[in-house]
Every structure is written in structure tokens, then in C-alpha cells.
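Q: My questions will all concern the structure given below.
Quick note: the coordinates plus some simple rules give every number you see, no bench work behind them. On a predicted model such as this, the values are computed, not experimentally measured, just so you know. Reconstructed Cβ throughout: ideal geometry from the backbone, glycine too, with neighbour counts over all protein chains shown.
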């Protein structure tokens, strides 16, 4: 980034679709832009409050939607850089900006005069009425009706939570590399392919950085048990300082929830989700635990027998599961996932898989725009066109892992769609693929599925067709937002799509038909493990966020062990997908899934039912256009479950999910 004398964040970008002018943004622009934009936003709020006219939807709610555009632009760019390419200077800024932004948000949400105007607004327009309802819920949950002393206490709590969540997230970014497995002997990496080993080498040593989950992809390939054990322990023991932060975050959130009139943080979170109540979430999770544990018991018995028959001595350990599961899958389905990687080259997966599926369903087209640049040289930009040739928006792909980028995969907006503001969407998909030293980027099939998943979020943003930015695209309840992305995973293994992108990187030969059949058959394999590791993490999240403010947790690891045991998911061979100390989803406010990690399985009920519908009706424009019109395009402008009913013609059915996960 270069430094421009004029702050480019304080005026709309002149690039197509208002893509931020990252080439003109320097680190020195960030804090001044945020400070100036916060002051301008407060002035706009004061003007709304001072309006002598009686409060109407247009002069109050729509005025709020129009306000703060400079701040939105500046903070979006700032958190994009903090999440995807942070250096020490940006990390230091993040510690300063995050609490400032929290204070600013509180200054708006706790403005009594503004709340009084919102409370008096009336409208007969259905879309306006829904947005008004959302605003009133937001303000009440933010503390607008609290007495002044309680509001002051709430402000302090919000600042403390924001600061601790930032510290937690920054510790994890550092731990990805500080806790990496470092080796001098390449023989310890036996089982990894030559290209992967070459990418890990630097100045004669080899570094295997951690991904953000407990399970590490390399565990399925590494033949040396000692190397597997070392990698697993580094993964599960990383960021020890985050244990105390997790405990304090959970306590502070509980205190805030009680202050706002809720029994605990989980009750506070689900009040405006589609689940609505703690009991509804407890009921769904409770129905899944026993069959998941039963399936894991069966899988573990099979693995022990298979491992012993293949020379494994002693008990099966957690770091052995992925290794022997991969070999059992290969034996059972004649499917060597490592050998399939040459058929999944990144550019072909994106163009001939992800984009191809979207074009078949919705008639949209993609044109790469090398003249437009993102925030890092690795990013690539495409213009997306609707079936009639009109521009829909921009899609930005950031595929590679790097120092200063948080782990995992995610989608976010750089610009949100809004008819009110005459803006079209600019959406980003972040992956964390290992960047090869030379040659093409080859993916595992799990990484292919992740690419399709994140593009499901992108479609939700690109197809948004709403008036107000507050309810665009993915601005839906947290336990609904994962639904379109999970549904989009179906196309990764759809025969027509798979046959189009799965071609050998060197020869161009298509993946043999029998391999396609094996991939589809193998998708049910190891579902007990996958379900239980997810449920364990979900119930861990739930346990942290159903405590009261007086709970004194002095040992996060002990709390975790007790919570898993009490919930019936303490299975030594299947640790949680995330342990508390690296559970960024729930302890980093950048992601915001606290008491919400259940959302994936809640949304999966809807996704599995949707997959069943497409399986019955086929992959075609008629089905795609119906799905887009009734569900993807409405964003959060209607009740999300009403949108699902408009699409499916009925309430969701849990049976397809149970069948998919082998839990029927």
C-alpha cells in the first residue's frame, strides 16, 4: 500500500462498484479516517435527533440507513486488513481502534433521544415495518431502555469484551506460526507429497503451520506416529494464555446479559435468532448426541481392527484417527484422496466448478478484471453479470494462507447492495490454502467443498435485491446465514459439475467415472467422527455461554473437560473441533458466533432439506431462479423462515439431515 496525501477512505471510491482503492490506502490513513468518520457520523445522528418534524420512517429510520457511510467504508477496510494481512503496525492499531469503535457504537445505540424517535415511528409498508422491527430489537438488545447508571456499566462491559476478544484473536494469529511444527529432517514428513514438502522448506528446515481446527490435514498423511503426535499436541496446546481470556469473556458476557434482562448470554443471543429460545437449541442438540456417540463407537471399533491388521501396536490415539481413517476409506472405496489432488487444481475448481455451477443454475457470467486490485497481490477480482448482461457486482478471491491472516475460511462484504444508496455488492471469499513454492495449487476434496461453501455466502450477497443496507444479503440471523453456503456444497459432487472441473492438471484427462462414484459414496464415511467433533465444540460453546456472572472459572481446561463430560460428548479419540483456547468463532468478536456455533447444524437442517429438493427437481434454471427469487435475493428483508417456506412450500424437515449424517 502507498500513502496518498488525501485520505481515500473519506470519500466514495471512483472504481467500478465502489471497490475500495486499496492501492491508495496507507496504514497512516486508517486511524485518521476512522476518527473523522466517527465524528461525522455522530453529527449526522445529532441532526436526525434535532429534526423538528415528527418522526417518520424516512426522516428517522431511512436517515439512519443513509448515515455513517464514511465510517462504514473506513471500518470495513480496516477490519479487512486486520483479518487478512495484518502486520505489527496494524495489530497495534487494532488494539486502539476496536474499543474506540465499540464506544462509538454504544454512543449511537444508547442515545435516548434517538431511541425515542425510533419508538414513535409508524409505517404500513411491509418492508419498512420489518426493518423498523429489526431496529427496535437492535436498540433494546443494545441497552437503549436501561437507566443511565446501567448504561454506563454496559459501556464499560462492552469495552472490556471488545478489548479481550481482540487480544484473543491476535494471540491466535501469532500461534498459527509460533506453534507451527518445525523439523530439520524431511523424512519426518514422509507421506506428504513432494510438492507439499517443497512448499514447507525454508533455508534447510521445514515448517508446518497450524490451521485453526484441532484436526490438522497433514495428520491423514504423515506416516511417522511421532510426527503425528507432535503436530496434534502443538494444535491442541496452542495459545495457553487464551484460557484465562476465554473464562473472563464468558463471565463478562454473562454479566452483560443479566444487565439486559436475560438469564445468560445464550438466551441473549438466541432471542432474535430463528431458534428464539435456549430450549429449542437444547432440544436439537440433545437429539443428535446419542446417535453421534453411537456412530463414533462403531467407527472406532472398525479403525482399531483395521489399524491392528496394518501393523499398529498399542492403543489407537487421537492423532492416529485421521491417518487410519484415510487408509480405511482408501481400502473400502478404492479412493486415495491424496492421489486425487492433481484433479482439483484451484483455477479450474473456481472457473469450471464454482462459477460453472452458478452459471447453470442462475445464468450469471464472470469476467476476470486484472485492472482491479484487492488489498493483497494474491487477491483476484471478477465482475459478475446477470443473465441479461447487466452488472451484478464484484467477486474477490483471496485463496492463500499467509502471516498476518487469520485462519479458516470466510466471506465478507466490501460494499453491500442497497437500492436506497444505489450500491451493488462487492464480496470477498477468503480461503487458507497453502501457496505452492512453484507450480499449480492443488486442493483436497475437502478444500474444494470449502470453496463451494464460501461461494454460497457470496451468492447470498451478490443476489441481494433489497432497499436497505441493514437487511442486505447475509444480514440475516446467525443461525440462518450458514444455510445457503451449506446448500451450495452440494454442487461440488454433483455429477455434471464434478465432471466439468475434475480434470488432471497435467493431462487434462477427466476424473474417471468410477472415481466420481467413489467420491459420492465416500461422503458418508467417517460421519460419526465429523458429527461428534462438531457437536463437542457446539456444546462447549453452549456451556461457556449458559454460565451466570457469578461463575468463577479459574481453569479453562478443567471447565472444558467437565462440560464435555456432562454433555455426554467426552470421547478421548474425538476431541472437539475447537478447544476453548483456539475457539475463535466464539471468543473473537471479529467472527461473532458466541452462543451461536449451533448455527451450523441448525442451518444444516434447512440445507439438507434444500439438497433433497434439488435432487428431486434437478439442476436447472427454473429451480435456480425459484431459489434465488424466493430466498437468496430477499436477504434479511423478510422473516427468514417465511422465505424458506416460500421456497420449499412447507416448514423444514429434519429427516434429510439425519439421513445425511447417518443419524436416522
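Q: Once you have a ≥ b ≥ c as the square roots of the Cα gyration tensor eigenvalues for the range 584-664, tell me rounded if a/c is under 1.5, and otherwise prolate or oblate according to whether a/b is larger than b/c. Mind showing how you got there, number by number?
A: Numbers: a/c = 2.23, a/b = 1.35, b/c = 1.65.
In terms of gyration-tensor shape, oblate.
Q: Based on the mean of other beta carbon atoms within 10 Å per residue, what is the order of 581-588, 237-244, most packed first? Mind dumping the intermediate values first?
A: Numbers: 581-588: 25.4, 237-244: 18.0.
Ranked from most to least packed, the peptides come out as 581-588, 237-244.
Q: Answer with a single label: of [x] 1.07; [y] 1.15; [z] 0.95, which was calculated as Cα Rg over 2.2 N^0.38 Å from the structure in view?
A: [z]
Q: Using only the Cα atoms of the range 303-410, build the gyration tensor, take square roots of its eigenvalues as a ≥ b ≥ c, and label the shape rounded, prolate or oblate: rounded if a/c is under 1.5, else prolate if a/b is larger than b/c, else oblate.
A: Values: a/c = 3.94, a/b = 2.21, b/c = 1.79.
It is prolate, given that a/c is not under 1.5 and a/b is the larger ratio.
Q: Next question. Please list 385-393, 136-144 highest first by mean number of surrounding beta-carbon atoms within 10 Å per residue.
A: Values: 385-393: 14.2, 136-144: 17.7.
Highest to lowest by the protection proxy: 136-144, 385-393.
Q: Within the chain, what percent of beta bridges assigned by DSSP are antiparallel, to the nearest 5? Mind showing how you got there, number by number?
A: Values: 23 of 30 bridges.
For the chain, the DSSP antiparallel bridge percentage is about 75.
Q: Could you please state, rounded to a whole Å, how far the C-alpha centre of the range 590-664 is from the C-alpha centre of the range 415-492?
A: After rounding, the separation between the Cα centres reads 15 Å.
Q: How much length would be gained if the chain were fully extended between residue 72 and residue 509, taking 0.36 nm per residue of separation minus their Cα-Cα distance, in nm to one decimal? Mind showing how you got there, number by number?
A: Working: separation 437, 0.36 × 437 = 157.32 nm, distance 4.73 nm.
Answer, rounded to one decimal: 152.6 nm.
Q: Would you order 95, 360 from fewest to most other beta-carbon atoms within 10 Å of each residue's own beta-carbon?
A: Numbers: 95 13, 360 18.
Ordered by Cβ neighbours within 10 Å, fewest first: 95, 360.
Q: Taking Rh as the Kirkwood radius, which is the inverse of the mean 1/r over Cα pairs, what is the Rg/Rh value for the range 427-579?
A: Values: Rg = 20.2 Å, Rh = 19.1 Å.
Looking at the range 427-579, the ratio lands at 1.06.
Q: Moving on. Take the alpha carbon atoms of the range 272-346, find their center, do the same for the range 23-38, and report the distance between the two centers in whole angstrom.
A: Their Cα centres are 47 Å away from one another.
Q: Per DSSP helix of 4 or more residues, -39500 (n - 2.57); summed, then divided by the residues of the chain. What does that give at 222 nm, rounded to the nearest 500? Walk me through the numbers on the way to the answer.
A: Details: 26 runs with 345 residues, N = 664.
After summing the helix terms and dividing by residue count, I get -16500 deg cm²/dmol.
Q: What ranking, highest mean first, results for peptides 595-607, 548-560 when packing means the other Cβ atoms within 10 Å averaged over each residue? Don't skip to the answer; put the middle values down first.
A: Details: 595-607: 24.4, 548-560: 14.6.
Order by mean packing, descending: 595-607, 548-560.
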